[in-house]
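Enquirer: Can you keep this structure in mind? I'll have questions shortly.
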Amino acid sequence: MKTIQEIPLKQIDITDETFSVNFMPDLQRLRSSLQTVGLIQPVLLKRRERDYQIVSGFRRVWVWQELERDSISAMVFGGQEKNDLEFFLLSLEENLTTRRFNMVEKAMALQKLHRLFQVDSLEIIKTYLPLFSLEPHEKILNTFLALAEMEEEVKTYILREEVSRFNIRLFGKMGSEDRLTLIPILSHLKLGESRLREMLTLLLEISQRDGQRIKDILRRSDLQSILSQKELTPPQRTERVKKFLFCLRNPRMSEKEEAFKKKVASFHLPEGISIHPPPFFEGRGMKLAFQFRTTEEYRAVVDFLSKLGGKEEFKALIQNF
Amino acid sequence: MLPFQIERIYLDFQAENDWVTQHVLQSLPEVPVKGVGDKRGLIKNALSMADPIGEGKRNLFITRFYGKRLKPCPGTSRHICCGYFVINTVTNCPMDCSYCVLQGYLNNPFLTLYSNWDDLLQEIESFLSVDCRPFSRLGTGELSDSLALEPLFPFSQYLVPFFAQKNAILELKTKTTEVQNLLSLDHRGRTVVSWSLNPPRMIEEEEKGTALLRDRIEAARRCQEAGYPLGFHFDPMIYFEGWEKEYEEVVQLLFSRIDPKRVIWISLGGFRYPPQLKGIAEERFPQTRIFLGELFPGKDGKIRYFKEIRKEMYQKMVKTLKEVNPDLFVYLCMESPEIWKEVFGWSPQNSSHLNEFFEERIKKFIGR
Ligand code: SF4
């Protein structure tokens, strides 16, 4: 059984993050708890020649330092007692009993197991994914390894917006510069899970089809001008951006939609009447919608529509679309 | 030498004594065999692998099939289909096309060969004895490639002579060159051998493990010499930059070797897929460009090229084909009546109407 010792803080190397798995930690709660009840659980340290390396308890050491304490209670391990992987596992175990890992922290831990401690992928899938409540599947491991490689801004966005694993995989297909150009734009839009997925898919597909980098698509002046329109609300801006990307991705469909809209506009439909093509112009049968509040309005609509039915351009619309 | 690799044979204990099984085992003497009592467990285990589909293609499962193995082709709703019947001899396929619908369709990922062969012939026999259509068309190429497993078991040697005695047509659809077994058989024109064709670039990019275009055409030429009626399927037609020229070149190459008068039918079908396929295929083929076209959901829930694109592709192809020979019988696979009208100027009223055209074509072709 290890004894607990008081170790001077200045002998602890807080820059060594070999065993650290922390991203955007919420230190507020820990701070107030340490202030009121003090340190209940000692930190775990590994003794080195000249100083101590933190195995577990990074957050406690940070806050303790912030609170200007001189020393901290610690359980100290000799350098030879365990190998680094064992120390890391000890740290994971200790952390898992006291807190939950966020997505990025899970990614960091898996990346360390994979890269730093050279644990075999199959072993990680079988043993460690379930430890983090993840399904033991290669695809999941790859998703988290890709997340671990992403830039701080992207990781922050992913955590803040609770981005799904599917969308993380889409981010993972982009280059670093692409992601860094994209994140500030996304932050100005109003995107739920499926909108984000649509937008990322559109960008990736345009980029693959045209052999153009995503950052270059995003820097196009026509897109930039939508983004700089101050009068747009976030949902309006989101709609415009989405429409813009859709047109870029589907030029022939957009052309057809435009032509249809133009044709319909030439009929000068009164307010409350609208004509819609079949979905994706597939099959025949347009949809006509109208609104009325009084019998007079109803008669006016019917009258307008019956005149419209006699017009050659209207017949052409039915014929051609 | 097999043109594909089988790493292991899983042998269902219940299929152990079937003569088909013995034949297959003799064809693959080097491949390790593992007996299987728990089929479900085997499949469940395979499905938990990183790439169950890829894994399944390298592992042969020999088992018995207890349900119906002859069914009408499911076709697709609100579209005109050709009224085909599907015979299930094998499920899955050793080749690996990025667009293959089997990837999202089969819940058993193994390349599976059914060993109760005699039951199958009996099932076909009783189906044909009550079927009053003059020339039903049946094919083995829906849940697999019709000829890919010929080196393991010569299906054709049993099916072709069997159909030679019937008033029905067997279609063997393939992307291989496995025609050796067919050449000496007495087929009486009741077996159509058909190839799926695409430009060489698409074959290289999207049809992994399949035969080269010129080899497919050469195999077709050998079947032509052996007197078989030939079919060709430009399906899926893929829209890419330069498609027009490259498909035209395929047609030219084809008819530089093949007599159009020996071609019983040609189908055209734009690339289409059920929604679940995209995720699976993109995962398995990260380089695929097949989903980069303008593709939208249709009335049957399948995703197809934008109507204008399909129309353009079909119109150009029909024109090219009719320039070769105006008598070629060209039809569209799983298309809407509107598209039929725009391409041909007319449309079959429904699937059974199209079926009548097939019957006439067959009668004319085999001289009855
Ligand atoms: S040859 Fe046919 S069955 Fe085989 S993978 Fe390709 S599409 Fe699928």
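Enquirer: Cα axis of helix A:176-187 to longest principal axis of chain A: angle in degrees, 0 to 90, nearest 10?
Expert: With rounding to tens, the tilt is 70 degrees.
Enquirer: Shifting gears a bit: Give the calculated FRET efficiency between B:K34 and A:L122 to the nearest 0.05, with a Förster radius of 25 Å applied to their Cβ-Cβ distance.
Expert: 0.75
Enquirer: Which FRET efficiency, nearest 0.05, do B:E359 and A:A146 yield, Cβ-Cβ r, R0 51 Å? Each step should come with its number before you reach the end.
Expert: Details: r = 56 Å, r/R0 = 1.09.
Between B:E359 and A:A146 the formula returns 0.35.
Enquirer: What fraction of the Cα pairs in region B:203-354, stated in percent, has a spacing above 21 angstrom? Display every interim value, and only then the final one.
Expert: Values: 5687 of 11476 pairs.
Counting pairs separated by more than 21 Å, the tail of P(r) holds 50 percent.
Enquirer: Treating each Cα of region A:1-99 as an identical point scatterer and ignoring solvent, apply the Debye formula and state log10 I(q)/I(0) at q = 0.20, 0.25 Å⁻¹.
Expert: -1.04, -1.64
Enquirer: Still on this structure: Within region B:197-302, which trypsin sites (Lys or Arg not before Pro) sit in a loop by DSSP and count at most 13 neighbouring Cβ atoms inside 10 Å?
Expert: Details: sites: B:R201, B:K208, B:R214, B:R216, B:R221, B:R222, B:K245, B:R257, B:K261, B:R262, B:R272, B:K278, B:R284, B:R289, B:K299, B:K302; in loops: B:R289, B:K299, B:K302.
Here no loop site has a sparse enough neighbourhood.
Enquirer: Okay, next question. If the viscosity is 0.692 mPa s and the temperature 37 °C, what translational diffusion coefficient in µm²/s does Stokes-Einstein give for region A:256-320 when Rh comes from Kirkwood over Cα pairs?
Expert: Numbers: Rh = 12.7 Å.
Calculated translational D: 259 µm²/s.
Enquirer: Using the Karplus equation 6.51 cos²θ - 1.76 cosθ + 1.60 (θ = phi - 60°), what ³J(HN,Hα) coupling, rounded to whole Hz, does each residue of region B:108-113 give in order, writing x for Gly and Pro?
Expert: Listing the rounded values in order: 10, x, 6, 6, 10, 10 Hz.
Enquirer: Full-extension gain between B:K316 and B:D51, please, as 0.36 nm times their residue separation minus the C-alpha to C-alpha distance. Let's see the in-between values first.
Expert: Details: separation 265, 0.36 × 265 = 95.40 nm, distance 3.85 nm.
Length difference between fully extended and current span is 91.5 nm.
Enquirer: Now, a different point. How long are the semi-axes of the equivalent ellipsoid of region A:72-143, taking √(5λ) for every eigenvalue λ of the Cα gyration tensor, in whole Å from largest down?
Expert: Values: eigenvalues 109, 45, 17 Å².
Output for region A:72-143: semi-axes of 23, 15, 9 Å.
Enquirer: Additional query: Name the long-range amide H neighbours of B:H233: under 5 Å, sequence gap of 5 or more, or other chain; modelled H, no Pro or chain starts.
Expert: B:W195, B:S196, B:L197, B:S267
Enquirer: Taking a virtual spin label 7 Å from the Cα of A:E297 along the C-beta vector, which residues in region A:259-286 bring their backbone nitrogen under 12 Å of it?
Expert: A:271-273
Enquirer: Going by a 1.4 Å probe on protein heavy atoms, which residues of region A:269-288 end up with at least 40 Å² less accessible surface in the whole assembly than in their chain alone?
Expert: A:F280, A:E282, A:G283, A:R284
Enquirer: What is the P(r) of chain A, as percent of Cα-Cα pairs per 10 Å bin from 0?
Expert: Computed distribution, short to long bins: 5, 19, 20, 18, 14, 10, 7, 6, 3, 0.
Enquirer: For a Förster distance of 22 Å, can you work out the FRET efficiency between the beta-carbons of B:N325 and B:W346, rounded to the nearest 0.05? Intermediate results must be reported in sequence, preceding the final value.
Expert: On the way: r = 20 Å, r/R0 = 0.89.
About 0.65, to the nearest 0.05.
Enquirer: Just need the relative contact order of chain B here, percent rounded to a whole number, with Cα pairs under 8 Å and 6+ apart. Please list the in-between numbers first.
Expert: Working: 634 pairs, mean separation 59.7, N = 368.
Dividing the mean separation by the residue count of chain B yields 16 percent.
Enquirer: Pairwise over distinct Cα atoms, reciprocal of the mean inverse distance: report the Kirkwood radius of region B:226-299 in Å, one decimal place. Before the final figure, lay out the partial values.
Expert: Values: mean 1/r = 0.0678 Å⁻¹.
Averaging 1/r across every pair of different Cα atoms and inverting gives 14.8 Å.
Enquirer: Determine the equivalent ellipsoid of chain B by diagonalising the alpha-carbon gyration tensor, then write out the semi-axes as square roots of 5 times the eigenvalues, largest first, rounded to whole Å.
Expert: On the way: eigenvalues 198, 125, 78 Å².
They are 31, 25, 20 Å, listed from largest to smallest.
Enquirer: In nm, what is the difference between 0.36 nm times the number of residues separating A:D13 and A:E162 and their Cα-Cα distance?
Expert: Details: separation 149, 0.36 × 149 = 53.64 nm, distance 3.29 nm.
Separation in residues times 0.36 nm, less the Cα-Cα distance, equals 50.3 nm.
Enquirer: For region B:337-368, which chymotrypsin sites (Phe, Trp or Tyr not before Pro) are in a loop by DSSP, counting at most 16 other Cβ atoms within 10 Å? Kindly include the intermediate steps, with their values, before the conclusion.
Expert: Values: sites: B:W340, B:F344, B:W346, B:F357, B:F358, B:F365; in loops: B:W346.
Of the chymotrypsin sites (Phe, Trp or Tyr not before Pro), the ones in loops of region B:337-368 whose Cβ has at most 16 other Cβ atoms within 10 Å are B:W346.
Enquirer: When the solvent-accessible surface of protein heavy atoms is calculated with a 1.4 angstrom probe, in what order do B:C73, B:C93 fall, highest first?
Expert: On the way: B:C73 45, B:C93 15 Å².
Largest accessible area first, the residues go B:C73, B:C93.
Enquirer: While we're on this one: Taking loop as defined by DSSP and a crowding limit of 13 other beta carbons within 10 Å, which trypsin sites (Lys or Arg not before Pro) in region A:196-267 fit? Please list the in-between numbers first.
Expert: Values: sites: A:R197, A:R209, A:R213, A:K215, A:R219, A:R220, A:K230, A:R237, A:R240, A:K242, A:K243, A:R249, A:R252, A:K256, A:K261, A:K262, A:K263; in loops: A:R213, A:R219, A:R220, A:K230.
Those satisfying the criteria are A:R219, A:R220, A:K230.
Enquirer: With N denoting the number of residues in the protein assembly as shown, provide Rg(C-alpha) divided by 2.2 N^0.38 Å, to two decimal places.
Expert: On the way: Rg = 32.4 Å, N = 689, 2.2 N^0.38 = 26.4 Å.
Expressed relative to 2.2 N^0.38 Å, the Cα Rg reads 1.23.
Enquirer: Also: Using each residue's phi in region A:248-253, evaluate 6.51 cos²θ - 1.76 cosθ + 1.60 at θ = phi - 60° and report the 3J(HN,Hα) Karplus result to the nearest Hz, with x for Gly and Pro.
Expert: Ordered by residue, 3J(HN,Hα) equals 5, 6, 10, x, 6, 5 Hz.
Enquirer: Okay, moving on. By residue number, which cysteines of chain B lack any other Cys whose Cβ falls under 4.7 Å from their Cβ?
Expert: Those would be B:C73, B:C81, B:C82, B:C93, B:C132, B:C223, B:C333, since no other cysteine Cβ in chain B comes under 4.7 Å of theirs.
Enquirer: If you average the C-alpha positions of region A:1-37 and of region B:243-269 separately, how far apart do those two centres end up, in angstrom?
Expert: Centre-to-centre (Cα) distance: 74 Å.
Enquirer: Keeping all protein chains in place and using 1.4 angstrom, which order do A:I40, A:I4 fall into by accessible surface area, from largest down?
Expert: On the way: A:I40 140, A:I4 105 Å².
Solvent-accessible surface, decreasing: A:I40, A:I4.
Enquirer: Step through the residues of region B:22-32 one at a time and calculate ³J(HN,Hα) from phi using the Karplus curve (6.51 cos²θ - 1.76 cosθ + 1.60, θ = phi - 60°), rounding each to whole Hz and writing x for Gly and Pro.
Expert: Calculated HN-Hα couplings, in order: 4, 4, 5, 4, 5, 6, 10, x, 8, 7, x Hz.
Enquirer: What does the accessible area per residue of the protein assembly as shown come to in Å², with a 1.4 Å probe and no ligands, DNA or RNA counted? Could you put the intermediate results ahead of the total?
Expert: On the way: 33370 Å² over 689 residues.
Per residue, the protein assembly as shown has 48 Å² of solvent-accessible surface.
Enquirer: What percentages, rounded to whole numbers, describe P(r) for region A:174-249 computed over all alpha carbon pairs with 10 Å bin width beginning at zero?
Expert: 19, 60, 21, 1
Enquirer: Scan around B:V86 for amide H atoms under 5 Å from its own, H built in the peptide plane at 1.01 Å from N, and keep only partners 5 or more places away or cross-chain.
Expert: Long-range HN contacts for B:V86: B:K71, B:C73, B:G139.
Enquirer: Considering only DSSP beta bridges where both residues belong to region B:130-219, give the percentage that are antiparallel (nearest 5). It would help to have the intermediate numbers written out before the result.
Expert: Details: 0 of 9 bridges.
Roughly 0 percent of the beta bridges in region B:130-219 run antiparallel, per DSSP.
Enquirer: Also: Which of B:W195, B:W265, B:W243 ends up with the largest GNM mean-square fluctuation for chain B, with Cα atoms connected below 10 Å?
Expert: B:W243
Enquirer: Then there's this: Suppose only helical runs count, i.e. DSSP H with n ≥ 4. What mean residue ellipticity at 222 nm does that imply for chain B under -39500 (n - 2.57) per run, divided by all residues and rounded to the nearest 500 deg cm²/dmol? Can you show the working numbers first?
Expert: Working: 12 runs with 133 residues, N = 368.
Rounded to the nearest 500, the figure is -11000 deg cm²/dmol.
The values are calculated or read from the model by the stated rules, or taken from the named source; none is laboratory data. Since the structure is predicted, the reported quantities are computational estimates derived from the model, not experimental observations. Reconstructed Cβ throughout: ideal geometry from the backbone, glycine too, with neighbour counts over all protein chains shown. Just the protein is used for accessible areas: all its heavy atoms, side chains included, with ligands, DNA and RNA removed. Shrake-Rupley method; radii C 1.70, N 1.55, O 1.52, S 1.80 Å.
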